[in-house]
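Taking it in order: structure first as structure tokens, then the write-up.
Please treat every number below as a calculation from the coordinates, not as lab data. Quantities reported herein were computed from a predicted structural model and do not represent experimental measurements. Note that we place each Cβ from the backbone using ideal geometry, even for glycine, and neighbour counts take in every protein chain shown.
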Amino acid sequence: MAAPQDTITTLDENRQPVRPQIGKIPVRFHLYWAGADRDGSVGGFYFAVVETLPVPQEGALSVPALPGPKPRDYRYTTKTDSIFIFTASEEVSERQHAFFIYAVDNKGRPDATPARFVFSAYDRFPPKAIIDSLLAEGTEYRLLAIGGVEPYHKTYHVTDFFEISNDHAVPRDTVSADACLNMFWRGEPTIPSTIVTGYRYKLDEPDFNTVDSSVHHVAYNCGPGTTPVNPGPKIFRLRAIGQSGWRGEATRWFQMNFAPDTWFAGPRLDDVLAGWQTYTDGNGKQYWFLDFSATGWTAFQGVPGTMLSADSVQVLPALRPERKTFFEVYNDRLWMHAENDTVHLNSWVIVPTGGFDRDSPYSVRVNKALLPPALLGTPVLTQDGPNGSPIGFRIRVPVKDASGSISQPSETTTYPEFDPASVKNQPLINGVQGMTAAGRAFVEIFAEDGNTTVDRRVDQRPRGSVGIVERVEAGTVDPQDLALRSKILTFYVNKVPRLRRDGTFRPTVNQQLARSPVFQLPADDVDQLDPNAGFNKVGGTPGYGPILRRKIAILGKLTGTTRDTCFVVPEEFFFANNINIPRIPDWIATGNVTVRIRLCDCAACDVALATPTCPFVGDRGATPNYGSCVDTDIACRLSASEPGVIETGDATTLGPGSPVETGRRKQ
């Protein structure tokens, strides 16, 4: 007998079997065969089909070799052709097979050398899986203009699908956490004479569910008899199985549970009932504070109408008004601040927050057995069904220092959590952060709902809160950045040191300077901090004195020219009185000069050069988040040159020429 592409009887010129070249055929294939008998006739044929595994076994690198047919695998036929549908699998669309056949004559004697056809069968036309609709029906809550929330019924049609090549990282569709999900589908053959044999589907299940071709619907999370679904990102997968076992697949991708919204809920700046005192700084900026230096903090009874009062446990987050203000505690004062104010270095900031959640239960984390009796039954600390509020918040405050470096602290765990028996115990209503690094602070607040979903919109933007603020301040028109700017509160940390220009201060404006003057430079720092001094208790002035470091330069004209130049005093001064300035070189012309005084409240935090006309050299190994430097210019008159020659031997004294023009110290 013979078979097409017979892979066992093909011989070379030496009558040796040729290793077969395994070809590929469609899974639906028409095979023909024939047989002959010299002394009689062919009565029929026995054939068998075998296949290997579709994918390698666990731990193996390749699929096993094709097995030989067992006697029970053979079937008898008198035909000489037939249409076969070979098998692929759900995992792969191609699978290796072997077709064996041998003839039997009219006396019942079989061919001792069956023909074998080895091939790979592939399925390029699986049935199409079609999800007609995914309906999500649930209850949500909305805020009322008159206060409070109300429930309403909402139906969503989920249309987004999941693919690795998706141009978006998160699903576009979101449904409520309690939504009843109904999936409706069908399958369509893609070539004639084939059928859909069944369907397989899954949502949260570890394995696919298998149903026959008559089933076109499943419900989840719809009560008794249906599978519950936990909140989170979801992918519903549907597979339509063809006759070969290969499948077409469709998906629906969605988020189950709306993330909460977050806002700042600080005090009112115009509230006269709270008893605020006011202070106006030298720039005309007004600050509000309460002073407890006489009575101590034991006299503090809260601030009425704010989240530093009984309202903190009575007013749910959804009902707190949105205000970008906050509190600061330093020494014996409570300060009230608005965005872009400056707080003391080593102070505590207290950030009240509010938020809204449209669909999750209010499962606030409270151990009732250990809750103080006075707090039992308070709305904020009482578990409830969905009420429009998130259950708590997390806080993180990156600080960008003068060099542009950004600290990235960890966010706190969720507060409030009233459970002294838990390591996560956070008996706080407001966000609290100690500010021990100088720079610009970016307060990030993340609301968490009762299904543990956290508001991550700020994190998902490039460079987070810092990137959003900087892009908006640069004039971006990106709608996402503009919408999220209100979710970030910025302020500055560290009151800069100041020169105390009282009756003893020298030099004064228009003072006549000798070539070797003596300066008196008293100074103050209202919020000193030395991170290298060891443990510092946050909340006020440390027990040691301030760091007040002075650098001095004389700006003027190069003698005999109109060119600007300067002389940088090589020393730094940590004391205020009787500062002897080295002789001002003769190449600084007599007449109008400017005395520039740099005052720093840190041991080494200079990172940027001053003006190009007279740059101070930045500190090597500077730590700009340890403090700040401020420059003060005083107009003076320099006396006539004293006899002598220009000094050039001092390795730190500037002379005329290129070093003067660049402001660099001579090396």
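For Val472, put the label point 7 Å out on the Cα→Cβ axis and report which residues of the stretch 312-328 keep their amide N under 12 Å from it. Backbone N within reach: 324.
Less than 5 angstrom separates the built amide H of Ala523 from those of Arg500, all sequence-distant by 5 or more or on a different chain. If a spin label sat at a point 7 angstrom from the Cα of Phe84 along the line to its beta carbon, the backbone N atoms of the stretch 111-154 nearer than 19 Å would be those of 111-125. The value of relative contact order for the chain, using C-alpha pairs under 8 Å at least six residues apart, is 9 percent. Database remark: amide H of Tyr287 closer than 5 angstrom to the amide H of Tyr279, Thr280, Asp281 (H placed geometrically; neighbours at sequence offset of 5 or more, or on other chains; Pro and chain starts carry no H).
Protection proxy ranking of 66-77, 362-373, by the mean of other Cβ atoms within 10 Å over each peptide's residues and highest first, is 362-373, 66-77. Where the centre of each part is set by its Cα atoms, how far does the stretch 293-330 sit from the stretch 49-87, in angstrom? One Cα centre to the other: 77 Å.
Rounded to the nearest 500, the 222 nm mean residue ellipticity of the chain from helices alone is -1000 deg cm²/dmol, with -39,500 (n - 2.57) taken per DSSP H run of at least 4 residues. 3J(HN,Hα) along the stretch 262-278: 10, 8, 8, 9, x, x, 7, 6, 9, 7, 7, 7, 7, x, 5, 9, 10 Hz, from the Karplus curve 6.51 cos²θ - 1.76 cosθ + 1.60 with θ = phi - 60°, whole Hz, x for Gly and Pro. Relative contact order, whole percent, for the stretch 402-456 stands at 21, derived from Cα pairs under 8 Å and 6 or more residues apart. For the peptides 264-277, 481-494, 282-295, the ranking by mean Cβ contacts within 10 Å, running from highest to lowest, is 481-494, 264-277, 282-295. Each residue of the stretch 100-114 is assigned a 3J(HN,Hα), and the resulting list reads 10, 8, 9, 8, 10, 7, 5, 9, x, 8, x, 5, 6, 10, x Hz, derived from the Karplus form 6.51 cos²θ - 1.76 cosθ + 1.60 (θ = phi - 60°), x at Gly and Pro. For the pair Thr561 and Asp332, a Förster radius of 45 Å applied to the C-beta separation gives a FRET efficiency near 0.20, rounded to the nearest 0.05. Using the average count of surrounding beta-carbon atoms within 10 Å as a protection proxy, the listed peptides 537-547, 86-96, 451-461 rank, highest first, as 86-96, 451-461, 537-547.
Distance from the C-alpha centroid of the stretch 334-374 to that of the stretch 119-155: 35 Å, rounded to the whole angstrom. On full extension, the segment bounded by Arg583 and His217 gains 122.4 nm, given 0.36 nm per residue less the C-alpha separation.
3J(HN,Hα) along the stretch 133-139: 6, 10, 9, 10, 10, x, 9 Hz, from the Karplus curve 6.51 cos²θ - 1.76 cosθ + 1.60 with θ = phi - 60°, whole Hz, x for Gly and Pro.
Between amide H atoms placed 1.01 Å from N, distances below 5 Å from Ala34 occur with Ala2, all of them 5 or more places distant or on a separate chain. The length gained on full extension between Asp12 and Ala483, counted as 0.36 nm times the residue separation minus their Cα-Cα distance, comes to 161.9 nm.
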